[in-house]
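The values are calculated or read from the model by the stated rules, or taken from the named source; none is laboratory data. Note that the coordinates shown come from a computational prediction; the quantities given were computed from them, not determined experimentally. Cβ: placed from backbone, ideal geometry, glycine included. Neighbour counts: every protein chain shown. When the accessible area is computed, the model is the full protein with side chains, heavy atoms only, and any ligands, DNA or RNA have been set aside. Shrake-Rupley method; radii C 1.70, N 1.55, O 1.52, S 1.80 Å.
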Amino acid sequence: MNIEAFRDYCLTKKGVTESFPFDEQTLVFKVMGKMFALCGLERNPLAINLKCDPEWAVELREEYDGLIIAGYHMSKKHWNTVQLEANIPNELIIKLIDHSYDLVVKGLTKKIQMELKEL
């Protein structure tokens with residue numbers, strides 16, 4: 001998956017905004033103000049950080065050794081860094097984006113979850 005496809009897919013999710021809150025090179029996607037994906041545009045190879053269930057995160061790191069690693073500059077338990085343009089199927093990357101989005105939505109207050117549903 002390339003950066004354009006990653007960006008386009010993230011923006012299809014309900015309640016998502018994109019911004020550069022840290023610097024001009026780190027693209028961040030938030031759902032209702034909470035981060036679920038980010039990408040350091042200057043990184044080579046291009047990689048994204050996604051939130052992940054801790055047990056599944058470990059499994060993914062073992063299966064995709066070197067291509068999915070503990071979150072770069074993130075909580076190593078809850079975030080993975082995923083190489084975008086590597087031998088990882090696009091279907092899996094989409095599943096990981098969805099999983100990250102869903103985890104963040106699940107952690108929102110009930111009030112904000114209701115606001116999201118109404119969008």
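Report the Cα centroid-to-centroid distance between the stretch 3-21 and the stretch 37-76 in angstrom, as an integer.
Between the Cα centres of the stretch 3-21 and the stretch 37-76 lies a distance of 18 Å.
Can you compute 3J(HN,Hα) from phi for each residue in the stretch 36-42, using the Karplus curve 6.51 cos²θ - 1.76 cosθ + 1.60 with θ = phi - 60°, rounded to whole Hz and x for Gly and Pro?
Working through the residues one at a time gives 10, 7, 8, 9, x, 5, 8 Hz.
Counting Lys +1, Arg +1, Asp -1, Glu -1, what net charge surrounds Glu42 among other residues with beta carbon under 10 Å of its beta carbon?
Details: positive: Arg43; negative: Asp23, Glu24.
Charge balance near Glu42 sits at -1.
Please compute the net charge surrounding Ser100, taking Lys and Arg as +1 and Asp and Glu as -1 over other residues with Cβ under 12 Å from its Cβ. Walk me through the numbers on the way to the answer.
Values: positive: Lys13, Lys30, Lys34, Lys51, Lys95, Lys106; negative: Asp53, Asp98, Asp102.
Residues close to Ser100 contribute a combined charge of +3.
How large are Rg and Dmax for the chain when calculated on the C-alpha trace, in angstrom?
13.7, 40
Taking just the C-alpha trace of the stretch 69-119, give me its Rg and Dmax in Å.
Cα radius of gyration and Dmax of the stretch 69-119 are 13.8, 40 Å respectively.
Give me, ordered by chain and number, the residues 5 or more places off Ala47 or on other chains with an amide H under 5 Å from its own placed amide H.
Gly40, Leu84
Whats the longest run of the chain with zero GluC sites (Glu not before Pro) that are DSSP loop and have at most 16 other Cβ atoms within 10 Å? Each step should come with its number before you reach the end.
Working: sites that count: Glu24, Glu42, Glu85, Glu118.
That would be 43-84.
By the scheme Lys and Arg +1, Asp and Glu -1, what is the net charge of all other residues having a beta-carbon under 13 Å from that of Glu4?
Working: positive: Arg7; negative: Asp8, Glu18, Glu85.
Residues close to Glu4 contribute a combined charge of -2.
So who's got an amide H within less than 5 Å of the one on Tyr72, skipping anything under 5 residues away but keeping other chains? H placed 1.01 Å off N, in plane.
Thr81
When the accessible area of the chain is computed with all protein chains present and a 1.4 Å probe, what percentage of it is carbon and sulfur? Don't skip to the answer; put the middle values down first.
Details: 3580 of 6870 Å².
Roughly 52 percent, rounded to a whole number.
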